[in-house]
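Notes follow once the structure below has been shown.
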Amino acid sequence: VLAYSGFALEFPEAWWARSFQWFGGEPARKALHRWTALVFTLTGVWHAVYMLGTRRGRFLLRVNMLPRLRDLIEPIHLVLFNLGLRKARPSLRYPSYIERAEYWALLWGSLVMVATGALLVFNDWTLKHLPLWVPELATMVHYFEAILACLSILVWHAYWTVFDPSIYPLNWAWLTGRLRRSKNRTENPHGKK
């Protein structure tokens, strides 16, 4: 919803953005974008409080999400396997570099989007206290980060959760909240050996 309502600002005459004209025009699009941005921001705050303010969250952060040395080695082994230069597919233990990279990319992207979005939402304050190039830069960064986030979801995330042959047609964890456990202990939840 954020991407749809945001890109509709950039491309208001596009066929896919015309639906806003049926439901209140630019004020409706702006309100939808801002309210969903608020929900996104509050979700991020809740996540930060959980991860930093609870014992379980700190454990998950420390044990699962902090980068590891293997995060430098696993992608090289996987590329070599995919190129046919390595016989065995590398064992990607959960969470692999893929999940950790997606997690940190989401956090970084979220911070960038919230900061630049806040500068744009509170444009009266921004224009009063900061030079004109700041909101111009915030607009550009917000737009390009949105493109990057959407491409990341469409290409990278969609592959690892839907189109990866080892889990095709779908990794149901997004719906059930549970990872599929393999009978083979050396296999990770993605089904990769």
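The values are calculated or read from the model by the stated rules, or taken from the named source; none is laboratory data. Since the structure is predicted, the reported quantities are computational estimates derived from the model, not experimental observations. Note that each Cβ is placed from the backbone with ideal geometry, even for glycine, and that neighbours are counted across all protein chains shown. Note: accessible area is taken over every heavy atom of the protein model, side chains too, but ligands, DNA and RNA are not part of it. Shrake-Rupley method; radii C 1.70, N 1.55, O 1.52, S 1.80 Å.
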Any chance ARG29 is of a type outside the set (Phe, Trp, Tyr), surrounded by 14 or more Cβ atoms within 10 Å (Cβ to Cβ) and closer than 21 Å to PHE122 by Cβ: yes
Where ARG86 falls short, out of the listed (1) open to solvent by less than 50 Å² (accessible area, probe 1.4 Å); (2) modelled with pLDDT under 95: (1)
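Does PRO75 fit the bill of being surrounded by 15 or more Cβ atoms within 10 Å (Cβ to Cβ) and not acidic (Asp, Glu)? Working first, answer last.
Values: surrounded by 15 or more Cβ atoms within 10 Å (Cβ to Cβ): yes; not acidic (Asp, Glu): yes.
The answer is yes for PRO75.
Find the residue count for segment 39-93, including only residues that are of a type in the set (Ser, Thr, Tyr) and either in contact (Cβ under 8 Å) with a residue 60 or more places away in the chain or touching a Pro at 6+ places or on another chain (Cβ under 9 Å) (or both).
Taking segment 39-93 first, the residues of a type in the set (Ser, Thr, Tyr) are 41, 43, 50, 54, 91.
Pick out the ones that are also either in contact (Cβ under 8 Å) with a residue 60 or more places away in the chain or touching a Pro at 6+ places or on another chain (Cβ under 9 Å) (or both) and you get 41, 91.
Total meeting the criteria: 2.
Condition check: under 17 Å from LEU111 (Cα atoms), of a type in the set (Lys, Arg) and either in a helix (DSSP H, G or I) or open to solvent by less than 80 Å² (accessible area, probe 1.4 Å) (or both). Does ARG34 satisfy that? Reasoning before the result, please.
Numbers: under 17 Å from LEU111 (Cα atoms): yes; of a type in the set (Lys, Arg): yes; either in a helix (DSSP H, G or I) or open to solvent by less than 80 Å² (accessible area, probe 1.4 Å) (or both): yes.
Answer is yes for this residue.
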Of all residues making up segment 136-161, the number that are farther than 20 Å from PHE11 by Cβ, without any contact (Cβ under 8 Å) to a residue 24 or more places away in the chain and open to solvent by less than 40 Å² (accessible area, probe 1.4 Å): 2
